[in-house]
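Take a look at the structure below.
Every read-out reported here was derived from the displayed coordinates using simple, explicitly stated rules and does not represent laboratory data. Predicted, not measured: the structure shown is a model, and the values here were computed from it. Quick reminder, even Gly has a Cβ in these numbers, built from the backbone with ideal geometry, and neighbours come from all protein chains shown.
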Ligand SMILES: Cc1ncc(COP(=O)(O)O)c(C=O)c1O
């Protein structure tokens, strides 16, 4: 088998997002920022979101990490921006199921778009944490700030 | 022909398997070693023939279990050349041993304004307990720097260890930098300044002959699971007079002399530290592991590992874009080889190697201050033991090259 299986994980879209991350940088006017660490490798991800009218108006991340954690963060920002907070939380949950190898609804799969490709990490259990890091950070952020209705 | 030192591979059936469709190449021995049949059989035999609780009860099985548990202690004492069996305290692990010394002995001898000296290459288990002591006692925690090559800088050691220093605690062999530190020399410096010398032997005892009296260390800690024994058994060696003055870290059954309603007195060494039912089968497994290592001969184990390092290290260094941490001179490097590939995260490297059947560790190796010092977040690490073969070293090098190519194609 050897390295052939690696192609399942490191698909072109994922390599592209790792190499050219979208929405990477600081967010001015952020409603909240959450930093999470991957305790096994020390990688750090910072996720910042601006919430407006119950929606994620802007979403950015900073930090360093492996191909999977960087690509997953980048894909997350492209998929969840402009989503209503409630729907974003559902999609975070769906993503979390997906990377654990569980099946998700077609609707969720559609809405996750390219981010659903990260689902192949389920075949590489040691790397699930890398894929989940940014999504967990955003979930925590929404947990803290999602109910504030300040416009 | 290529079957590990003394054809030892046959004793480790776990090594004979396929992982991801490739033969397993287990190179994560610094994390934990595999266990030979002899050790597994000793544990099985104990449970099938002798199992009972120790030091309580007058029946025959209790007597046998106690005898075996205590005979294991004698074996440990002889293995590291302790002056007395009373100097050997069983613990759960290196981590527990260092925590006990820090909490019980450290808090006893360290006072406000004193210093505790460790180094930049320590494992968290030899950092965090001392941070706790330093905070509690209002003492200063100081770090010995490394040379460019990643060795302990002895000039820095002489500057950092002063008359205010009460504790010097250093890894005997390093779990990332792959160096062996001059513990005997450090102990002499520490003692000149009236400080106590503690060594973390987790990566040393499995790989070389250790003589605690020759090193003149005051305390010495190691783990069974990194030297063929099961998890959950470790050792704290201490000079007898120091163990006498050190209060127990835990209290309960086994460790008491007499319990009154309001207070109690402790029994004698080494049992005063062993509260509750201990890890009896672990101690018996450790004794069997020591028998196994003695049969191989620690000098042979060390010589074999040196050969495999001398073979592997230059091959690794010749891989374009590979950075090796620690000395590039194979004579100064142990079988612990940490590295990074330019432009690649070690997690991605380790996943790639795993697909080739090669098990290495990737991460900070419980040495985050060292990662900071090296200015990396993480590294990959291959670590060898005597059952690894030269063919496996070749496989490591081939797999690294293949992973590099995979990502070069995939990313560019
Ligand atoms: C140098 C060093 N010290 C201490 C430890 C901790 O050992 P344990 O986890 O068995 O307590 C390790 C193991 O990872 C180590 O490599």
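Could you work out Rg/(2.2 N^0.38 Å) for chain B, with Rg from alpha carbons only?
Output field value: 1.02.
Would you look at the GNM of chain B, springs on alpha carbons closer than 10 Å, and say which of B:22, B:356, B:96 moves the most?
With Cα springs under 10 Å in chain B, the top fluctuation among B:22, B:356, B:96 is at B:22.
Residue B:56 to residue B:266: extension gain in nm, 0.36 nm per residue of separation minus the Cα-Cα distance?
Details: separation 210, 0.36 × 210 = 75.60 nm, distance 1.60 nm.
Length gained between residue B:56 and residue B:266: 74.0 nm.
Kindly put B:365, B:191, B:123 in sequence by how many other C-beta atoms sit within 10 Å of each C-beta, fewest to most.
B:191, B:123, B:365
Which order do the peptides B:346-353, B:140-147 take when ranked by the mean count of other beta-carbon atoms within 10 Å per residue, highest first?
Going by the mean number of other Cβ atoms within 10 Å, highest first, we get B:346-353, B:140-147.
Expressed as a rounded percentage, what relative contact order does the stretch A:3-145 have, with Cα pairs under 8 Å and six or more residues apart?
After rounding, I find 28 percent.
Roughly what angle does helix B:298-317 make with the longest principal axis of chain B, taking Cα atoms, 0 to 90 degrees, to the nearest 10?
30
Counting only other chains, what is the mean number of Cβ atoms within 10 angstrom of the Cβ of each residue in peptide A:56-65?
The mean count of partner-chain Cβ atoms within 10 Å per residue comes to 1.
What residue among B:368, B:192, B:38 has the largest mean-square fluctuation in a Gaussian network model of chain B, using Cα springs under 10 Å?
Checking each option, the largest mean-square fluctuation is seen for B:192.
Given that compact globular proteins tend to follow 2.2 N^0.38 Å, what is the ratio of the alpha-carbon Rg of the stretch B:111-150 to that value?
Compactness ratio reported: 1.25.
Tilt of helix A:85-99 relative to the longest C-alpha principal axis of chain A, in degrees (0 to 90, nearest 10)?
Between helix and principal axis, roughly 10 degrees.
For the residues B:218, A:111, what sequence is obtained by ranking on other C-beta atoms within 10 Å, fewest first?
Numbers: B:218 25, A:111 19.
So the ranking, lowest neighbour count to highest, is A:111, B:218.
Determine Rg/Rh for the stretch B:52-177; Rg is computed over alpha-carbon atoms and Rh is the Kirkwood hydrodynamic estimate from the same atoms.
Working: Rg = 18.7 Å, Rh = 16.9 Å.
Expressed as Rg/Rh, it is 1.11.
With an 8 Å Cα cut-off and a minimum separation of 6 or more residues, compute the relative contact order for chain B in percent.
Over chain B, the number comes to 23 percent.
Pairs of Cα atoms under 8 Å, at least six residues apart: use those to get the relative contact order of the stretch B:162-225, whole percent.
Relative contact order for the stretch B:162-225 comes out at 36 percent.
For a quick check: sort B:14, A:104, B:183 by the number of other beta carbons within 10 angstrom, fewest at the front.
Going from sparsest to densest Cβ surroundings: B:14, A:104, B:183.
Compute the angle between helix B:128-137 and the longest alpha-carbon principal axis of chain B, please, reported from 0 to 90 degrees and rounded to the nearest 10.
The angle comes out at about 50 degrees.
Roughly speaking, what is the stretch gain from residue B:16 to residue B:112, that is 0.36 nm per residue apart minus the C-alpha to C-alpha distance, in nm to one decimal?
Length gained, residue B:16 through residue B:112: 29.0 nm.
For the pair residue A:107/residue B:84, report the inter-label distance in nm, with labels modelled 7 Å from Cα in the Cβ direction.
My value for the distance between the label points is 7.6 nm.
Give the average, rounded to an integer, of partner chain Cβ atoms located within 10 angstrom of each Cβ in A:6-12.
That average works out to 4.
222 nm [θ] for chain B, helices only, -39500 (n - 2.57) per DSSP H run of 4+, per residue, to 500?
For chain B, the value works out to -11000 deg cm²/dmol.
Take chain B, connect every pair of alpha-carbon atoms lying under 10 Å apart with a spring to form a Gaussian network, then pick out the residue of B:34, B:302, B:17 with the largest mean-square fluctuation.
Taking springs between Cα atoms under 10 Å, the residue moving most is B:17.
Any number yet on Rg/Rh for chain A, C-alpha, Kirkwood?
For chain A, the value is 0.96.
Set the Förster distance to 41 Å, then compute FRET efficiency between residue A:11 and residue B:390 from the Cβ-Cβ distance, nearest 0.05.
0.65
In whole angstrom, how far apart do the alpha carbon centroids of the stretch A:57-117 and the stretch B:266-345 sit?
Distance between centres, Cα-based: 42 Å.
With each run of n ≥ 4 DSSP H residues scored as -39500 (n - 2.57), what mean residue ellipticity at 222 nm is computed for chain A after dividing by its residue count and rounding to the nearest 500 deg cm²/dmol?
Numbers: 6 runs with 66 residues, N = 151.
Per the formula, -13000 deg cm²/dmol.
7 Å from Cα along Cα→Cβ at both residue A:20 and residue B:291: what's the point-to-point distance in nm?
For residue A:20 paired with residue B:291, the spin-label model returns 6.5 nm.
What fraction, in whole percent, of alpha-carbon pairs in the stretch B:131-173 exceed 16 Å separation? Could you put the intermediate results ahead of the total?
Working: 388 of 903 pairs.
For the stretch B:131-173, the share of Cα pairs beyond 16 Å comes to 43 percent.
Once the Cβ-Cβ distance between residue B:7 and residue B:128 is put in as r, and R0 is 41 Å, what FRET efficiency do you end up with, to the nearest 0.05?
Once the sixth-power term is evaluated, E becomes 0.50.
For peptide B:349-359, compute the average count of partner chain beta-carbon atoms within 10 Å of each residue's beta-carbon.
Taking all residues of B:349-359 together, the mean is 4.
Applying a 10 Å radius around every beta-carbon, put B:44-52, B:308-316, B:225-233 in order of their mean neighbour count, most first. Don't skip to the end; give the middle numbers.
On the way: B:44-52: 14.2, B:308-316: 18.1, B:225-233: 23.4.
Packing order, densest peptide first, comes out as B:225-233, B:308-316, B:44-52.
Counting every Cα pair in the protein assembly as shown, what percent are over 36 Å apart?
On the way: 70024 of 158203 pairs.
Of all Cα-Cα distances in the protein assembly as shown, 44 percent exceed 36 Å.
Quick one: of the DSSP bridges fully inside the protein assembly as shown, what percent are antiparallel, nearest 5?
Of all bridge pairs located within the protein assembly as shown, approximately 70 percent are antiparallel.
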